Amino acid sequence: MKTSNLIKLGQHHQEGMVKLTGGTFLIGTEDSDANKGDQEGPIRVVNVESFYIDPTLVTNQQFLEFIKDTNYLTDAERYGWSFVFYNLLSVETAKSVTQRPADTPWWRVVEGADWAHPEGPDSSIQDRLNHPAVHISWNDAIAYCTWSGKRLLTEAEWEYAARGGLVQKRYPWGDELTPNGKHLCNIWQGDFPIENTQDDGYNSTCPVDAFPSNDFGIFSMVRNTWEWCDNFFDHSTDTSITQEHQPRAIRGGSYLCHESYCNRYRVTARSYNTPDSSSGNMGFRCARNT
């Protein structure tokens, strides 16, 4: 058995985590701009138990420590490639790319792209250790959670945490995207996918605590990178049967979200990916039972 796929259980800890007292809240939305087919609604009452949550996405530094301790090999590394947004590639890497998805042509299939080389072999995380780890599959996130003695959030927990105690607001801070003209999250500004004016200060990922936290003390619950959740995306999926290839829910949107095609930086928005999928805007954060 390859040691790269063995997970060594790390220390159970809760240092730095935020404890959220459970309760009931209104989940979902019935807004007219909710994405059709994403099963965001209807609005309903949900109860969550108390839990601990990481205040930030898992960083490159934290994921690096995991890799050093376990020699784990991510799905992107095993497959030998991952998806990278086209305008983040160097000139040399861009020349070597031969594949792109037909329905999302801004993505490139980049050989050698992975968590340690976010834009391909000639890139590095050394100057962004406080940025979120990306090119992380659901399988990779579960492996990290196992090692750290934590787990992924359920969607209900994620939305409960993202709302920060606010009731039926669009964002973790209220209903206005840029109150008083101030950017509070890392998303696309300009003409997607041609020009990002970077009015929020970033073209790609940003430090996990670059913007103010919500009232629960939790950072970047919308934007920067998508976050894997533990749930299947389809609410009707039979969870009593192991379905390793069924799409898993992702939350929060990413630095590539723009109102023209993907306004999924709202607290109710959701999307999905298959458990072994990775890309330059896929990350995660952890939770733990009380």
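The values are calculated or read from the model by the stated rules, or taken from the named source; none is laboratory data. Since this is a predicted model, take the numbers as computed values, not measurements. All Cβ positions, glycine included, derive from the backbone under ideal geometry; neighbour counts span all protein chains shown. The protein model used for the area step is the full one, side chains on, heavy atoms only, and it has no ligands, DNA or RNA in it. Shrake-Rupley method; radii C 1.70, N 1.55, O 1.52, S 1.80 Å.
Taking every DSSP bridge with both residues inside the chain, close to 90 percent are antiparallel. Near W188, once Lys and Arg are set to +1 and Asp and Glu to -1 for all other residues with Cβ below 11 Å from its Cβ, the sum equals -4. Pairs of Lys residues in the chain are counted when their Cα atoms are under 26 angstrom apart and they lie 8 or more places apart or on different chains; the count is 10.
Taking the chain as a Gaussian network, Cα atoms linked when under 10 Å apart, which of I53, I136, I125 shows the biggest mean-square fluctuation? Checking each option, the largest mean-square fluctuation is seen for I125. Springs between Cα atoms under 10 Å define the GNM used for the chain, and in it the highest mean-square fluctuation of V222, V91, V18 occurs at V91. Please list, in order, the residues from the range 263-290 whose amide nitrogen is less than 14 Å from a point placed 7 Å along the Cα→Cβ vector of K19. So the set is 288-290. Counting only protein heavy atoms and a 1.4 Å probe, the range 1-143 has 53 square angstrom of accessible area per residue.
Can you figure out the FRET efficiency of D215 with Y261, using R₀ = 25 Å and their beta-carbon distance, to the nearest 0.05? The pair D215/Y261 has a calculated efficiency of 0.25. Report note on the peptides 276-283, 77-84, 94-101: ranked by the mean count of other C-beta atoms within 10 Å, highest first, their order is 276-283, 77-84, 94-101. Per residue, the accessible area of the range 159-231 comes to 41 Å² when a 1.4 Å probe rolls over the protein heavy atoms. A cut-off under 14 angstrom between Cβ atoms defines the neighbours of P275, and their net charge, with Lys, Arg +1 and Asp, Glu -1, is -4. Rg and Dmax of the chain, both derived from C-alpha coordinates alone, stand at 18.2, 57 Å.
Protein heavy-atom surface of the chain, 1.4 angstrom probe: 49% of the accessible area is carbon and sulfur, with nucleic acids and ligands not counted.
Taking 0.36 nm per residue of separation and subtracting the current Cα-Cα distance, fully stretching the chain between Q39 and E111 would add 22.5 nm. For a modelled paramagnetic label at A94, 7 Å from Cα along Cα-to-Cβ, the residues of the range 165-208 in reach, with backbone nitrogen under 16 Å, are 193-197, 203-204. If the chain linking T178 and A156 were pulled fully straight, counting 0.36 nm for each residue of separation and taking away their Cα-Cα distance, it would gain 5.4 nm. Subtracting the Cα-Cα distance of Y79 and D127 from their residue separation scaled by 0.36 nm leaves 14.7 nm. Among N87, N224, N180, the residue with the largest mean-square fluctuation in a Gaussian network model of the chain, with springs joining Cα atoms closer than 10 Å, is N180.
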